[in-house]
Structures are given as C-alpha cells and as structure tokens.
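Below you'll find the structure, written out as structure tokens, and then a few comments.
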C-alpha cells in the first residue's frame, strides 16, 4: 500500500527542493526524483537504511532528528516531509515547528491511534495495540507518542498551523467509505499538507 | 598497518611508473616548475570510453603505492584493504590511478630532487605548495593517461581537500568526489600541532637549515619526534587505552628497584617515529604540513563555502569517523551543509569507530559497505556516454 506516496506526489511541485526527515530506505525520495525531478535529501540514522539510500542514488545525510535541525536555514527547502515518524520524535510539536521553519510547506503522515480497530484492541483485549502499522510491543516501540487524527487537528489550531490539504487513508471496506464521515474513527493513516 | 583477512582479493604484484611531465607547472606561489616527474601506479584496465578512471589522492605522508605488492615484498600498499578486485574501489570495474605528489619524497619531484637552475638538491628551497598545485599536476598526469573525466576523485584527510579542490578548479573533469575525514580548512589547534612538528624538525642540529642532504645528514631525531606528535593526534584516547593501557614493556613498578621502566606506548611511539624518519624526508614533512595549514577551500570565494561549492558539478560522498578529533565529524558536517545549501548531490555518513583519524585507512565494515555501494552505482552509470553521468 503506497497510497500515501501517491498523495504526497500530488502535493510536491516538480523540480523543487525536498527534505525527507527519517527517509528510511529512500523509496519516497527515489520516486519523487524519478517522477518529479526534485532535488531531495533524506535524514536517517539507521545504517542499513542509509546504505540502501546510497545504493539507489538517493542523497542521505546521517543526522539524528532528536538532536535538532539547526544546521538548516529558514526556508531552505520548498517542502519538508516526514512519513510515519512524528510519533517517534521526543518532542513532536517542536519538530513540527522546525519543519515549518525550514520548509515553505510540510507534509506529514502518521498512524491514527483513534482508528476503530486500534480502539477495539485496547478496549476488548485491554492491552496496548500491536498492529501491522504499529508492530511493536509497548516496551520496545520507537513510537513514544500516540495521537489521533483529532489530536493532530487540535495541535494545528493551537499552534496556528495552516492545513492546506488533508487526506485520510483506510485499507478495508467499510472503512474506506466511512472515513470521510468519521475520519477520527476510520482513518488508518492521516496525510497532512501544512504551511505557516 | 593493514591486516588483510585471507578471503581478501589482492590486485597482486604491481610496479610503479615514472612520467616526466614536460608541460610547465605554474605554482600558486608564482614560481614555475618547467618539468616535473611523477611516480604513479595504476590498477585495473581503462575502458574504451576512458570513463572509468578513479584518482586516489594521498594524504600527508602517503605515496603512490596504494594497493598490491611489490615483487618480493610482503607488505601491501597503504589502501590495499579498499582497492582491488571485488573491493570497494573495485579494480575489476575501475582504472585506478595513484600517484606520489610533487613535494613529497617517493620519487616525484620534490625537496630531494635536483633543482635544474642550480644543479643542487632543492632541499628547503623547494617552492611552497598549495593543494591546487597538486591538483594541477594531477591533471597533467590525467592528460598523459588520455583520461578526459574522472569517474571519481577520492581522498582522505589532505586527500579529501584535493578532491574538493578538483571539484572547484575543474568541475567538468570529475563526476564524483569522495571526501573522507577531511575539512574545508584546518582549525587553530590543527595548525598548532603542525607547527610543533615543524619546530621539532628544525630544532634537530642535523637539520642544517634544511640543507642536510648536501652534508650527508638527516634530522632523524627531529622528524621522529614530529611523527610521534602527529601519531598521537591520529589515534583516539580510547584506542590507545585499549591497545596499550599502562602496560609495561620493561621493568616492574611494584618491586622496589631502580631498574629501567618502559611503558608499551613509549616503545610503540618511538618505534613508529624511527620507522617514519627512516623513510620520509624532513623538508617534505615541513612543506606538506604547511600546505595543510594554508588550505582554505573558500578563501577566494569571499570565505563563503556555499559560493565556492556552487561551482562544483559533481556528486559528493562525505564520510567522517566518530573518534577522529584531528578532522572531527563536525568539519565534515560543515562540508555537507555547504553542499546542500549549494544544491549539490551529497550523502554524508558518520562512521562509528574508535580508531581516530587513522580510521580512514583501516578496515571497517560500514565504511567499506558505504564506499562500495556508492562506487558500484558510479560503475553502473559508466556505460552511459560522459556527461550524462550517473
């Protein structure tokens, strides 16, 4: 399922500068390079992922996001992207501020902890959800901040963040039909396009 | 220094060649070398497009013997672990050129050569050099070999400075620059260590104002001391602790005796110093440490590294080692940040190592993997005509 990639593609202007925070194996940047001819850089700390980026010709910079992004100047990128990593940041709201300082626009994707299956897991099993998207036990998970679609909406209001676009992704029927009615309940992955 | 595992492939027996470059080389200091000799080695085959050339740039004390073995010699070249068939700098794919640069002392024109104007040894009168002089001389060797564009220019430390200088001086003559454990300019602390080394050499009574060779002398003690200082700065505190700790080589600190005592580290450093002073020339050491001190990538670009790198056209791979305090990772970060601001393609890796600055010469899995992955992509792009690059 690369629905989030397709959505991101639509929001990126060709031939612009893109910074991908926590770029993993560089798959997103590679597809943006190939389809949109962007100048992309990814930040990553995992040695295996870094090597995959190098092997496929994606610019990758070894840098720990939790140690700050002060080396990047204000407005030095057209778009700053972070896919499925905000929940793993030590201080997500400050990372968001930094992203909006460095980029004219930002794109964020995150797993919605308000998704009904996740709620059901906690409700009925009484244990922290282990799902395909959040495939860790509570003690070894890198995901240290669980938040919902609704939480993120509130954060954007509180911090005066402008939501340019939002898209909800759900994999299965009937979630796919219901997500527009009750996004907080039926969205698995939320994708946001933001600016200041 | 390198210990190769038995599975390693070696390029095997190699021989060096010498070329007399007849084209005048105008140096940055204004003086001209009408002709100069370069000693070099090549590994692998140049392809029909002449597009697979890789230039290796050596550092302060390096030479042209980067890989393989000389007949009858059991010690491989200084970068044998990384250069050879199937190795990160793969000689099955690339034509690798490694030279001894001018001003050094392994056969290329330098302080131990004859000054044609006087008929005497150059000695301390050899003109002062800048990294760009090495680049210009390397370009003449490139033309001699019939190569129009390097697939990559690679170097560690001072070698990385040459790779960066190549990207600014001849942007259309290289597709990739690999800059390892390097810096855009030395820090005051770095210059300080170099000056201590030079003072050690000049303080040796056998230095004779740099004209020791004419008097059949050599400032061996001064040069050994200079190298001992350098050597300490190339290692990390952690590694020295692990390798030597407080182990004694001679004597015993527990017994009440007046017998001599020697720590392992003392013996090791003295050995390294003496070995070096037997093989290196003191004037070359002074000359090349000054070259390091003078290097400042962006001096002529209004001291703006972003403006400097705006001239580059190649892609970059920048690497640093965590415990390197002589060319700290922060220096490589500065290179990387400037390259990103200038909109150049760059990847940066900070490799965990306890081996200090010397790490760039030593086996390290992650380093090998990164360099290998990067260059194998470069190799994949070689069959395209020059210019479309990878």
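Every number in this text was worked out from the coordinates using simple rules, so none of it is lab data. Nothing here was measured: the structure is a model prediction, and the numbers come from that model. Cβ coordinates were reconstructed from backbone atoms using ideal geometry, including for glycine residues, and neighbour counts include every protein chain displayed.
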TODO: Using only the Cα atoms, work out Rg/Rh for region B:110-268, with Rh taken as the Kirkwood radius, to two decimals.
DONE: 1.10
Task: Label zone at residue A:151, where the point sits 7 Å out along the Cα-to-Cβ direction: region A:165-196 residues whose backbone N lies under 20 Å - done: A:166-170, A:182-194
Open item on the list: Is the C-alpha gyration tensor of region B:43-105 telling us rounded, prolate or oblate? Criteria: a/c under 1.5 is rounded; beyond that, a/b larger than b/c is prolate, otherwise oblate.
Closed with: oblate
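What average count of beta carbons from other chains do you get within 10 Å of the Cβ of residues in B:350-360?
That average works out to 1.
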Task: the protein assembly as shown, Cα convex hull volume normalised per residue, Å³ - done: 200
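In peptide B:313-326, how many Cβ atoms from other protein chains are near each Cβ within 10 Å, on average?
1
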Open item on the list: Give me the one-decimal nm value for the distance between modelled label points at residue A:2 and residue B:117, 7 Å along each residue's Cα-to-Cβ direction.
Closed with: 6.4
Open item on the list: How large is the Kirkwood hydrodynamic radius of chain A, counting all unique pairs of alpha carbons, in Å?
Closed with: 17.3
Task: Cα-Cα pairs of chain B separated by more than 27 Å (percent) - done: 50
- [ ] At 7 Å along the Cα-to-beta-carbon direction for both residue B:380 and residue B:300, put a label point, then send me their distance in nm to one decimal.
- [x] 3.7
Task: On Cα atoms only, tilt of A:149-158 relative to the major axis of chain A in degrees - done: 60
Task: Cα centroid separation, region B:98-135 to region B:226-297 (Å) - done: 27
Open item on the list: Tell me the angle of helix B:282-294 to the major Cα principal axis of chain B, expressed in degrees between 0 and 90 and rounded to the nearest ten.
Closed with: 60
- [ ] Would you mind putting B:238-244, A:7-13 in packing order, based on average other-beta-carbon counts within 10 Å, highest first?
- [x] A:7-13, B:238-244
Task: Contour excess over end-to-end distance, with Cα ends at residue B:232 and residue B:311 and 0.36 nm allotted per residue - done: 24.8 nm
Open item on the list: Give me the percent relative contact order of region B:192-289, please, defined on Cα pairs under 8 angstrom at least 6 residues apart.
Closed with: 31
TODO: Quick one: P(r) of region B:1-150 from all Cα-Cα pairs, 5 Å bins, percents rounded to integers, in order of increasing distance.
DONE: 2, 9, 18, 21, 19, 13, 10, 6, 2, 1, 0
Open item on the list: Can you give me the angle between helix B:131-144 and the longest principal axis of chain B, using Cα atoms only, in degrees from 0 to 90, rounded to the nearest 10?
Closed with: 50
- [ ] Using Cα centres only, tell me the gap between region A:94-165 and region A:1-61 in whole Å.
- [x] 21
Task: Spin-label pair residue B:191/residue A:35, simplified geometry with 7 Å Cα→Cβ offset, distance in nm - done: 5.2
Task: Cα pair count fraction exceeding 25 Å, expressed as % - region A:14-127 - done: 27
Open item on the list: For region B:192-289, take N as its residue count and report Rg(C-alpha) divided by 2.2 N^0.38 Å.
Closed with: 1.27
TODO: Within a 10 angstrom radius of each residue's Cβ in A:58-65, how many Cβ atoms of other chains show up on average? Whole number is fine.
DONE: 6
Open item on the list: At 222 nm, what value in deg cm²/dmol follows for chain B if DSSP H runs of at least 4 each add -39500 (n - 2.57) and the sum is divided by all its residues, to the nearest 500?
Closed with: -10000 deg cm²/dmol
Open item on the list: Just to check, using Stokes-Einstein with a Kirkwood Rh over alpha carbon pairs, what's the diffusion coefficient of region A:31-80 at 20 °C and 1.002 mPa s in µm²/s?
Closed with: 177
Open item on the list: Can you compute the FRET efficiency between residue A:97 and residue A:137 using 1/(1 + (r/R0)^6), with r the Cβ-Cβ distance and R0 = 22 Å? Round to the nearest 0.05.
Closed with: 0.10
TODO: Name the shape class, rounded, prolate or oblate, that the alpha-carbon gyration tensor gives for region B:304-390, where a ≥ b ≥ c are the square roots of its eigenvalues, rounded holds for a/c under 1.5, and otherwise prolate holds if a/b is larger than b/c and oblate otherwise.
DONE: oblate
